[in-house]
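Here's the structure, in structure tokens; my notes come after.
The values are calculated or read from the model by the stated rules, or taken from the named source; none is laboratory data. Predicted, not measured: the structure shown is a model, and the values here were computed from it. We place every Cβ from the backbone using ideal geometry, glycine too, and count neighbours over all the protein chains shown. These area figures cover heavy atoms from the full protein model, side chains too; ligands, DNA and RNA do not enter into them. Shrake-Rupley method; radii C 1.70, N 1.55, O 1.52, S 1.80 Å.
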Amino acid sequence: SDKPWESMSCGWGTLRIEEGRWRLWYEAWDDQYKDDFDGRLCYAESTDGRHWNKPDLGIIETNGSKANNLCVSAFQPEQTGGECHNPSVLRCPKPADPQKRYALFGFDNKAGHARVAFSPDGLHWKYVPETEKKALFTSSDVVNFFYDPYQKRYTVTWKTRSRRGRAVGVAWSQDGLGWTKPYDGPLFSADDLDPDATQIYGMPVFPYQGLYIGLPWIYCARYFKSGDYSVNKLHEAQEDSPRTMEVQLAWSWDLINWTRAAGRQQFIPRGAQGQWDGGMIVTARAPVIVGDKLYFYYGGCDGLHDDPRVKAAIGLATLRLDGFCSLRAGDTEGWFISRRDPFRRPVVTINARTGADGFVLAEILDRRNRVLPGFSKDDCVPFRGDSVRHELRWKT
């Protein structure tokens, strides 16, 4: 944060690369901050994803000037027709109206529900007036939207409650206005493999390689197990809890049934106590592919949830392309047989890194696990080195 209207910047939001231009929409708060909903949607640009410029957009007036990078403000809702907390900016596929090339989804605290605004350029937003009174769907304040290219529809994960506390539900829409919930309740929540002090605060989801990958925000706090909900009971239950927030990994093939990584380890490691991201981490809506890496932008805080005031900033974590999980051999050779896959031609592409004496070999089997002639591991040309897309060859 280096502007007077953004004394605290949060990394939940959206990053897109369009025609060589990096575009970042993020939420920020200023000294008028009273609660989480007093945020503003800010905009920044970059040519490399690391060094950022905050252009003077001339859209929202604050402190008597429009020389700022504000798109939407909770303090000037009349200028856009609404306000936005937990923003998701989506590029609309094949919009019939050029004024609706971009959609902004988020939680409008004044209205008390999620709303949508449209824009021709991702900067000048106008909320759909009908959504001020009519909710897109019922939810709590944390909502994360994405466009699903597999089913060709808008999708959201929204905050709800389970017996374990905060949890995540799912809804989808063909046009961004009429929404359907497959189940009006939690589809992803803490379970008996989690510590007692575990809640799911929110979960951005993005489509990747034919499935859906989720980044659940794990809130390390206890929750009362029975009785009516109240804010006082909520704070009492979490009094002796860590109240930190971390990011884990989950995936699904249908958005209904979810799998989580064994061990429930952190996906983006939270910083040590006292560091700028040592208290809480939340993530942007989705990563972007940059060469052979995935860039994950995230928001870090030095304090705990419900602290009166914390310092927040935006950071970058990188991952090897497709590197969400892997198999590793030790000092002796390791091996596995993959699931069955149809081959139009015998090509095997691997993402691998070997040590100085390491190698990778493969052979192709038939449905009865018999080696196909000419495609044994003895016929395979060994791979040595580091590549995210090496095509194996056989001597024949």
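At 1.4 Å probe size, with every protein chain present, just tell me what the per residue accessible area of region 253-386 comes to in Å². If you can, show how the numbers build up before the last one.
Values: 9000 Å² over 134 residues.
The answer is 67 Å² per residue.
Rank PHE107, PRO120, THR47 by how far each Cα sits towards the positive end of the charge dipole of region 24-134 (+1 on Lys, Arg Cβ; -1 on Asp, Glu Cβ) and give me just the farthest.
The residue sitting farthest along the positive end of the dipole is PRO120.
For the full complex of protein chains and a 1.4 angstrom probe, list LEU316, LEU255 by accessible area with the highest value first. Spell out each step's value before the answer.
Working: LEU316 55, LEU255 0 Å².
Highest to lowest solvent-accessible surface, that is LEU316, LEU255.
With unit charges on the beta carbon (Lys/Arg positive, Asp/Glu negative), name the residue among GLY263, TYR223, ALA312 whose Cα is farthest towards the positive pole of the charge dipole of region 188-324.
Checked the options; the winner is ALA312.
On a straight-distance basis, which aspartates and glutamates could pair with LYS133 in a cross-link, Cα separation under 14 angstrom, same-chain partners fewer than 8 positions away excluded?
By straight Cα distance, LYS133 reaches GLU83, ASP108.
Mind grabbing the accessible area of ASP97 for me, 1.4 Å probe, Å², rounded to tens?
So the heavy atoms of ASP97 present about 60 Å² to solvent.
Accessible surface of CYS301 in the full protein assembly, 1.4 angstrom probe, to the nearest 10 Å²?
Using a 1.4 Å probe on the heavy atoms, I get roughly 20 Å².
With contacts defined as alpha carbon pairs under 8 Å and 6 or more residues apart, what's the relative contact order of the chain in percent? Walk me through the intermediate numbers first.
Numbers: 915 pairs, mean separation 37.8, N = 396.
Reported relative contact order: 10 percent.
When the chain is fully extended, how far beyond the present Cα-Cα distance does LEU57 get from LEU234, taking 0.36 nm per residue of separation?
Details: separation 177, 0.36 × 177 = 63.72 nm, distance 4.07 nm.
Roughly 59.7 nm would be gained on extension.
If the only charges are +1 at each Lys and Arg Cβ and -1 at each Asp and Glu Cβ, what is the size of the charge dipole of the chain around the Cα centre, to the nearest 20 debye? Working shown, then result.
Details: 52 positive and 51 negative charges, 291 e Å.
Computed charge dipole of the chain: roughly 1400 debye.
When the accessible area of region 96-152 is computed with all protein chains present and a 1.4 Å probe, what percentage of it is carbon and sulfur? Could the numbers behind the result be given before it?
Working: 1390 of 2640 Å².
Carbon and sulfur together cover 52 percent of it.
Can you figure out the FRET efficiency of LEU177 with TYR208, using R₀ = 35 Å and their beta-carbon distance, to the nearest 0.05? Mind dumping the intermediate values first?
Numbers: r = 27 Å, r/R0 = 0.76.
The pair LEU177/TYR208 has a calculated efficiency of 0.85.
How many nm separate the modelled label positions at ASN369 and ALA135, each set 7 Å beyond the Cα in the direction of the Cβ?
Taking the simple label geometry, ASN369 and ALA135 are separated by 5.3 nm.
Heavy-atom accessible area of THR332 with all protein chains present, probe 1.4 Å, nearest 10 Å²?
Looks like 110 Å² after rounding.
Identify which of the listed values of Cα extents along the principal axes in Å was calculated from the structure shown: (i) 75, 50, 42; (ii) 61, 55, 43; (iii) 51, 51, 46.
(i)
Mind checking the per residue accessible area of region 83-152 for me, 1.4 Å probe, whole number of Å²?
Working: 3110 Å² over 70 residues.
Value for region 83-152: 44 Å² per residue.
For a quick check, take a GNM of the chain with Cα springs below 10 Å and name the residue from ALA135, ALA312, ALA352 with the largest mean-square fluctuation.
Of ALA135, ALA312, ALA352, the Gaussian network model singles out ALA352 as fluctuating most.
Using only helices, what value at 222 nm comes out for the chain when you add -39,500 (n - 2.57) per DSSP H run of length 4 or more and divide by the total residues, to the nearest 500 deg cm²/dmol? Kindly include the intermediate steps, with their values, before the conclusion.
Details: 1 runs with 7 residues, N = 396.
Result for the chain: -500 deg cm²/dmol, rounded to the nearest 500.
Let me have the relative contact order for region 162-214, percent, based on Cα pairs under 8 Å that are six or more residues apart. Walk me through the intermediate numbers first.
Numbers: 68 pairs, mean separation 19.0, N = 53.
This gives 36 percent for region 162-214.
Return the lysines within reach of LYS94: Cα separation strictly under 23 angstrom, same-chain partners fewer than 8 residues apart disregarded; answer none if there are no such residues.
Leaving aside lysines fewer than 8 places away in the same chain, those within reach of LYS94 are LYS126, LYS152.
Rule-of-thumb check for region 1-133: C-alpha Rg over 2.2 N^0.38 Å? Mind dumping the intermediate values first?
Working: Rg = 14.0 Å, N = 133, 2.2 N^0.38 = 14.1 Å.
After normalising by residue count via 2.2 N^0.38 Å, the value is 0.99.
Tell me the trypsin sites (Lys or Arg not before Pro) within region 147-252 that lie in a loop according to DSSP and have at most 15 other beta-carbon atoms within 10 Å. Could the numbers behind the result be given before it?
Working: sites: LYS152, ARG153, LYS159, ARG161, ARG163, ARG164, ARG166, ARG222, LYS225, LYS233, ARG243; in loops: LYS152, ARG163, ARG164, ARG222, LYS225, ARG243.
Loop-located and lightly packed - LYS152, ARG163, LYS225.
Given Cα pairs under 8 Å that are at least 6 residues apart, what percent is the relative contact order of region 123-164? Working shown, then result.
On the way: 29 pairs, mean separation 13.3, N = 42.
Dividing the mean separation by the residue count of region 123-164 yields 32 percent.
With +1 on the Cβ of every Lys and Arg and -1 on the Cβ of every Asp and Glu, and nothing else charged, how large is the dipole of region 59-133 about its Cα centre, in debye rounded to the nearest 20?
On the way: 9 positive and 8 negative charges, 54 e Å.
With only Lys, Arg, Asp and Glu charged at Cβ, the dipole is about 260 debye.
Take the cross-link list LYS110/LYS233; LYS100/LYS134; LYS3/LYS159; LYS110/LYS134; LYS293/LYS395; LYS159/LYS311 and give me the ones stretching past 22 Å between alpha-carbons.
Values: LYS110/LYS233 24 Å; LYS100/LYS134 20 Å; LYS3/LYS159 31 Å; LYS110/LYS134 13 Å; LYS293/LYS395 31 Å; LYS159/LYS311 24 Å.
Correct reply: LYS110/LYS233; LYS3/LYS159; LYS293/LYS395; LYS159/LYS311.
Along the Cα→Cβ direction, 7 angstrom out, place labels at ASP307 and LYS225. What is the inter-label distance in nm?
Using points 7 Å along Cα→Cβ, the separation is 3.1 nm.
Taking the chain as a Gaussian network, Cα atoms linked when under 10 Å apart, which of THR244, THR354, THR198 shows the biggest mean-square fluctuation?
In the Gaussian network model the winner is THR354.
In region 236-377, what percent of the accessible surface is made up of carbon and sulfur (1.4 Å probe, ligands and nucleic acids excluded)? Before the final figure, lay out each step's value.
Working: 4590 of 9120 Å².
Looking at region 236-377 in its full context, I get 50 percent from C and S.
Can you work out the FRET efficiency for the pair VAL288 and LYS152, with r the C-beta to C-beta distance and R0 = 22 Å, to the nearest 0.05? The partial results should precede the final answer.
Details: r = 22 Å, r/R0 = 0.98.
Taking R0 as 22 Å, the efficiency between VAL288 and LYS152 is 0.55.
Once the Cβ-Cβ distance between LEU327 and ARG50 is put in as r, and R0 is 25 Å, what FRET efficiency do you end up with, to the nearest 0.05? Working shown, then result.
Numbers: r = 32 Å, r/R0 = 1.28.
Approximately 0.20, to the nearest 0.05.
Which part of region 289-318 falls in the paramagnetic zone of ASP341, meaning amide N under 18 Å from the point 7 Å along Cα-to-beta-carbon?
Of the residues in region 289-318, none has backbone N under 18 Å from the label point off ASP341.
Could you please put GLU78, GLU61 in sequence from largest to smallest accessible area, using a 1.4 Å probe? Can you show the working numbers first?
Numbers: GLU78 135, GLU61 85 Å².
The ordering from most to least exposed comes out as GLU78, GLU61.
Just grab the label-to-label distance for TRP251 and LYS126, each label 7 Å out from Cα along the Cβ direction, in nm (one decimal).
Reported label-point gap for TRP251 and LYS126 is 4.3 nm.
By how many nm would the segment from LYS3 to ASP192 lengthen if fully extended, with 0.36 nm per residue of separation less the alpha-carbon distance? Numbers along the way, then the final one.
Values: separation 189, 0.36 × 189 = 68.04 nm, distance 4.45 nm.
Residue separation times 0.36 nm, minus the Cα-Cα distance, leaves 63.6 nm.
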